[in-house]
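Enquirer: Below: one structure in structure tokens.
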Amino acid sequence: MKHVWLQGGLVCLLVLVVVGLYYLAHTTPTTDAVSESYSSHEPGFDAEPSDTLLPDITVGAPAKYTIAELQLWERPAGPLKVGIQVGHWQNESMPEELENLERNTGATWNGMTEAEVVLVISEQIQQQLQAAGIEAELLPAAVPPGYVADVFVSIHADGNPNPAVNGFKFAAPRRDYAGTSEALVDLMYDTYRDATGLRIDPSITRRMTSYYSFNWPRYEYAVHPFTPAVIVETGFLTSPIDRAIIVDEPKRAATGVANAVIRFLESDTITRAPLPTQFTNAPALPLAGEVVCAPLRAERLDSADRYDCLPSLTDASGLVYLLASYTSSTLPIGTEFSASGEYMPIQNLGTYFWFPYQVNGLIVDPAIPMNDRWFLR
């Protein structure tokens with residue numbers, strides 16, 4: 001028994017020696033040029049973001065795009081492609097995030113459904129685009145997540161209890177990051193009116209401009225941010241005037257849509273402006289001047305009443321800096337002020353997708369406790 005205990009002790013000692021040698025081999029600094037210190041990959045020791053590549057901030061639902069990915073995005077190689085969504089078509093089995101749409105069958109008239117009517121129009125659009133050498137595919141109510149195309153059109157027919165209400169209307173995404181959807185809408189108003197002779201219905205709703213299939217910030221089953229998109233209300237299924245076109249002569253409605261798409265794709269003047277990618281240089285602090293409201297981005301001006309007036313200062317070159325430690329109640333607009341503290345850059349592309357103010361950075365006063373502000377999240 002004594003020998004057994006002795007052998008066991010020797011085995012334990014040998015194990016301890018081996019473990020100790022392993023630890024020394026992996027923790028002792030060497031002169032090997034390829035060795036790395038812990039701080040080279042430790043959280044909190046990350047490299048500063050460059051002005052050409054952005055950190056992996058995610059946007060979209062469910063956070064499926066990184067800012068770096070969008071900054072470097074290029075159209076996939078291949079022929080021109082158009083996605084034609086048939087409104088309410090095959091909506092009996094929607095994904096969970098859109099399951100409430102299964103009960104939405106759209107407009108109806110005399111036993112006729114919206115999906116039946118716009119399917120015929122959509123097939124005609126597809127045929128006309130294919131005849132022009134453009135790849136075109138029909139899509140159901142649930143589009144593939146992150147769908148990429150040169151154009152996406154969602155074809156619908158409206159309805160109203162009053163049969164005297166009639167007309168067509170189109171809308172681009174409220175947040176048009178493709179930057180060209182409005183140009184497509186403008187073309188389509190001309191071509192559709194010429195092809196159908198119908199009147200324009202001016203009642204564009206906010207719901208149209210945040211239609212789920214191009215509302216990628218909220219839904220996974222939506223087009224890619226850089227896919228030009230339009231929702232098309234071809235006319236009122238409940239109007240005898242509009243039915244004379246969209247039901248009795250669907251080819252005319254299809255021609256109005258297809259001609260706009262073809263002109264859009266053939267245009268040399270409609271191009272997406274490059275996204276901003278540069279950091280703004282830090283201002284010389286302290287910065288003195290008159291306190292003004294932070295200006296809104298152009299796309300937010302129509303809904304200016306929804307946003308707070310946040311105090312800001314403008315430097316001699318016209319750059320605007322939001323004073324993030326203050327509100328208009330603690331720093332009245334129109335007063336003279338000298339801002340000091342710390343400069344916090346706003347990477348324009350990083351905030352391009354959600355930040356409403358057209359400013360070049362933030363100035364934060366470390367002496368003033370700052371509550372968690374939504375614009376810094």
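The values are calculated or read from the model by the stated rules, or taken from the named source; none is laboratory data. Computed from a predicted model, the values in this text were never measured in an experiment. Don't worry about glycine lacking a Cβ; one is built from the backbone with ideal geometry, like all the others, and counts go over all protein chains shown.
Enquirer: Within region 333-359, track down each residue that is assigned to a loop (DSSP other than H, G, I, E, B) and at pLDDT 85 or above.
Expert: Selection gives I333, G334, T335, S340, G341, Q358, V359.
Enquirer: Check off (1) touching a residue at least 60 places away in the same chain (Cβ under 8 Å); (2) buried (at least 16 other Cβ atoms within 10 Å of the Cβ) for D194 and give me the number that stays unchecked.
Expert: Unmet condition: (2).
Enquirer: Do you know which of the residues in region 193-222 that are closer than 19 Å to V257 by Cα and among the hydrophobic types (A, V, I, L, M, F, W, C) is nearest to the chain's Cα centre (by Cα)?
Expert: F214
Enquirer: Between residues in region 151-169 that are assigned by TED's automatic domain parsing to the domain that holds A141 and farther than 30 Å from E135 by Cβ and residues that are in a loop (DSSP other than H, G, I, E, B) and among the small types (G, A, S), which pairs lie under 6 Å by C-beta distance while being six or more apart or on different chains?
Expert: From region 151-169, the pairs are G159/A107; P163/S239; N166/S239.
Enquirer: Considering each of E135, E114 in turn, give the residue that is touching a residue at least 12 places away in the same chain (Cβ under 8 Å), buried (at least 21 other Cβ atoms within 10 Å of the Cβ) and of a type outside the set (K, R).
Expert: Unique residue meeting the criteria: E114.
Enquirer: Which of the residues belonging to region 360-375 are within 28 Å of the chain's Cα centre (by Cα) and either among the hydroxyl-bearing types (S, T, Y) or at pLDDT 75 or above (or both)?
Expert: Those that are within 28 Å of the chain's Cα centre (by Cα) and either among the hydroxyl-bearing types (S, T, Y) or at pLDDT 75 or above (or both): N360, G361, L362, I363.
Enquirer: With a cut-off of at least 3 residues that are at pLDDT 95 or above and charged (D, E, K, R), name the helices (runs of 4 or more DSSP H) lying wholly within region 173-270.
Expert: By residue number, 181-196, 250-266.
Enquirer: I'd like to check something: does region 272-292 contain any residue that is in the same structural domain as E96 (by TED's automatic domain parsing), without any contact (Cβ under 8 Å) to a residue 12 or more places away in the chain and out of contact with any strand residue (DSSP E or B) (no Cβ under 8 Å at 6 or more places or on another chain)?
Expert: Checked against the condition, which is being in the same structural domain as E96 (by TED's automatic domain parsing), without any contact (Cβ under 8 Å) to a residue 12 or more places away in the chain and out of contact with any strand residue (DSSP E or B) (no Cβ under 8 Å at 6 or more places or on another chain), region 272-292 yields no hits at all.
Enquirer: So, one more: Taking E69 and the conditions (1) at pLDDT 90 or above; (2) under 20 Å from the mean Cα position of the chain (by Cα); (3) of a type in the set (D, E), which numbered condition does it fall short on, given that it satisfies the others?
Expert: (1)
Enquirer: Please determine, by comparing only the residues of region 197-243 that are in contact (Cβ under 8 Å) with a residue 60 or more places away in the chain and closer than 12 Å to F170 by Cα, which one is surrounded by the most Cβ atoms within 10 Å (Cβ to Cβ).
Expert: Restricting to residues being in contact (Cβ under 8 Å) with a residue 60 or more places away in the chain and closer than 12 Å to F170 by Cα, the top hit is A229.
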